[in-house]
Amino acid sequence: MGNFGLTIDGKHTSDLGLKMTSMYIPQPKPKTNLISIPGASGSIDLSEITGQVSYEERSGLSFEFILHDGSYEAFAQATTEIAMWLHGRKLKVIPDNDLGYYYMCRLTLDPKKTNQVLSTIALAGTAEPFKYDITASDEDWLWDPFDFETGVIRELGDITINGENRSVTILGGGMPTVPEFIVTESANLTVVHAGKTHHMFLPGTYRFPAIKVGEQDVTLQFEGSGKLAIRYRGAYL
């Protein structure tokens, strides 16, 4: 636990001699849409008019560390390195206690909580509403961070559609998300979902807003023939 911290943009905070003392990642605030009813009590709640709740970004992120080397020289060097590394940038952040997922955060070096005398360094910022699967469905799996109890394996990086294979199931995970269809070969290739046919006649990347993968698995039927990958990444609160 002495090296507990964050991996930010591929680099771990312990590489800079930091030990985490505090971590706060808030839940995103739901976007609400309430319309007052003149002359009547209450209001009309249209927050889920699209069929799902939308969320603000996660604001108020806070990560606090202590620097192992408490000298003023080490502190000055560390704060400079950290500022050059992440200050104001949007980066992928992976907490050590949740290795199967990452957050997309915009972090800054927090001057109010960073203290040279106490050798404390603090980061503050915001993140996108959801945390995401480390591995997308068209990427090679990383077994080290995989959770064999809760993790989901999706291998959709090399799919051939022909007379023997016309059905593909995307295992669900989290919030409704539109997958990408990356077509490399197509002979009148189409995908059918909920009775609607979507054409992918040419090589390229396709997204169909009507096709969303959420908590439930989604099985797609294909017609024609071709080769493609399906890129889907689970998103979670």
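Can you compute 3J(HN,Hα) from phi for each residue in the stretch 64-75, using the Karplus curve 6.51 cos²θ - 1.76 cosθ + 1.60 with θ = phi - 60°, rounded to whole Hz and x for Gly and Pro?
For the stretch 64-75, the Karplus-derived couplings read 10, 9, 10, 8, 4, 8, x, 6, 5, 5, 5, 5 Hz, x marking Gly and Pro.
Search the structure for amide H atoms under 5 Å from the amide H of LYS29, placed 1.01 Å from N in the peptide plane, and list their residues when 5 or more places away or on another chain.
The list, which skips near neighbours in sequence, is GLU56, SER59.
Within the set of other residues whose C-beta is less than 15 Å from the C-beta of LYS90, count the net charge using Lys and Arg as +1 and Asp and Glu as -1.
+2
Taking amide H atoms as placed 1.01 Å from N in the peptide plane, list the residues 5 or more away in sequence, or in a different chain, whose amide H sits under 5 Å from that of LEU189.
MET200, SER225
I'd like to know which of ILE94, PHE75, THR126 lies farthest towards the positive end of the charge dipole of the stretch 6-129, counting +1 on Cβ of Lys and Arg and -1 on Cβ of Asp and Glu.
The Cα lying farthest towards the positive end belongs to THR126.
So, counting K/R as plus one and D/E as minus one, what does the shell of residues with Cβ under 13 Å around LYS131 add up to?
Overall, the nearby charge balance is -1.
Candidates (1) 24, 23, 18; (2) 41, 26, 14; (3) 30, 22, 20; which is the computed semi-axes √(5λ) of the Cα gyration tensor in Å?
Among (1) 24, 23, 18; (2) 41, 26, 14; (3) 30, 22, 20, the one calculated here is (2).
Which whole-Hz ³J(HN,Hα) couplings does the stretch 207-215 yield from phi under the Karplus relation 6.51 cos²θ - 1.76 cosθ + 1.60, θ = phi - 60°, glycine and proline marked x?
With the stated coefficients, the stretch 207-215 comes to 9, 10, x, 6, 9, 10, 10, x, 6 Hz.
Taking amide H atoms as placed 1.01 Å from N in the peptide plane, list the residues 5 or more away in sequence, or in a different chain, whose amide H sits under 5 Å from that of LEU107.
It is GLY88, ARG89, LEU91, by chain and number.
Reachable lysines from LYS31, Cα under 22 Å, same-chain residues fewer than 8 places away excluded?
LYS31 reaches LYS131, LYS212.
Going Cα to Cα from LYS11, which aspartates and glutamates come in below 13 Å? Please leave out same-chain ones fewer than 8 positions away.
Partners found: GLU81, ASP96.
Please give the calculated 222 nm ellipticity per residue for the chain, where each DSSP H segment of at least 4 residues contributes -39500 (n - 2.57) and the sum is spread over every residue; nearest 500 deg cm²/dmol?
After summing the helix terms and dividing by the residues of the chain, the value is -2000 deg cm²/dmol.
Taking 8 Å as the Cα distance limit and 6 or more residues as the minimum spacing, I'd like the relative contact order of the stretch 6-129 as a percentage.
Relative CO of the stretch 6-129 lands at 29 percent.
With θ set to phi - 60° and the Karplus curve 6.51 cos²θ - 1.76 cosθ + 1.60, what are the ³J(HN,Hα) couplings of the stretch 219-232 in order, to the nearest whole Hz, using x for Gly and Pro?
Result, ordered by residue: 9, 10, 10, 10, 10, x, 8, x, 10, 7, 10, 10, 9, 9 Hz.
Does the stretch 63-187 come out rounded, prolate or oblate, given a ≥ b ≥ c as the square roots of the eigenvalues of its C-alpha gyration tensor, rounded meaning a/c under 1.5 and, failing that, prolate meaning a/b above b/c?
Prolate.
Which net charge results when you count Lys and Arg as +1 and Asp and Glu as -1 among the other residues whose beta-carbon is under 14 Å from that of ASN162?
-2
Quick note: the coordinates plus some simple rules give every number you see, no bench work behind them. Quick caveat: nothing in here was measured; it's all calculated off a predicted structure. Every residue, glycine among them, receives a Cβ derived from its backbone with ideal geometry; neighbour counts consider all protein chains shown.
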